[in-house]
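Each value in this text was obtained by applying a stated rule to the coordinates, not by laboratory testing. Just so it is clear, the structure is predicted and the values come from calculations on it, not from any experiment. Neighbour counts run over all protein chains shown; Cβ positions are idealised from the backbone, glycine included.
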Amino acid sequence: MDVTTFYTIGSFTFPSSWAAIIVAFIVAYIAIRIWYGKQHAVRLADAFFYVIIVWKLSVVLLDFKMILRAPLGIVYFNGGIAGFVLSLLFVMVKTWIDWHKGKLAHGGIEAMLVGSFIAQSVFQVIVVLLNKGSLSLFLLTIMLFTASLIYIIKGLRKTSRIPLIWLFVAVHLFLSAFMPQGLHNFSLHVTVMIAVFFSFLIWNEERKLKIKGESF
């Protein structure tokens, strides 16, 4: 979805997508706290915090010359798409390390997966709502993301989790076909990155449990 709406607070102007990200993170945190408890919600909040901080500070790495010329640029600029990808990779690596060291509590992977999908769904709905787009696309976005989330959450403990992950990707892929950017929609790429990571993490977790079970 193209961002057409911007907001201004004092001398600071920001796109509606930033507001959508903040709301999406808050809604995801509240939902995970209610469904999975405080411990998992705090871990999810930490992940969101790292995404924002690394994305914001990545401008230092990606445009170091500009920061040298104007140090205050770090307040007004961020790492853009490349910086956001770096922030996701950072959180993924950290999550992998925590899982490998056994620091993720029982249900931690599931909670982070659901939280990620809730955040992505809320983000998509708000972006369509705040920017110029058709009412039909807004309603379709709400219905499909809501339906897929309910189906995935209900099915996580009843069937294999990996197919459910890719069902969410399929829904996002379908909706992207109706958006101006089509398959070049960056949020779709983010969903695919998240799906690949959690599929790999869950596959390793299941393999680890299987090996442990065979050893007894």
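Model label sites at residue 209 and residue 30, defined 7 Å from Cα along the beta-carbon direction, differ in position by 3.1 nm.
Taking the Cβ of residue 44 as the centre, find all other residues whose Cβ is under 12 Å away and add up their charges (Lys, Arg: +1; Asp, Glu: -1). Counting the neighbours of residue 44, the net charge comes to +1. Work out the P(r) tail for the chain: percent of alpha carbon pairs separated by more than 23 Å, whole number. Within the chain, distances greater than 23 Å cover 50 percent of Cα pairs.
Which order results if 143, 92 are arranged by neighbouring Cβ count within 10 Å, fewest first?
143, 92
When the Cα positions of 145, 28, 44 are compared along the charge dipole of the stretch 6-210, 44 comes out farthest toward the positive end, with charges on each C-beta of Lys, Arg, Asp and Glu.
Couplings for the stretch 43-57, taken from phi via the Karplus curve 6.51 cos²θ - 1.76 cosθ + 1.60 with θ = phi - 60°, read 4, 5, 4, 4, 4, 5, 4, 5, 4, 5, 5, 5, 4, 5, 7 Hz in order; Gly and Pro are left as x.
What 222 nm value per residue comes from the helices of the chain, counting each DSSP H run with n ≥ 4 as -39,500 (n - 2.57) and dividing by all residues, nearest 500 deg cm²/dmol?
Details: 9 runs with 166 residues, N = 216.
After summing the helix terms and dividing by the residues of the chain, the value is -26000 deg cm²/dmol.
The modelled label-to-label distance between residue 42 and residue 147, using points 7 Å beyond Cα along the C-beta direction, is 3.9 nm.
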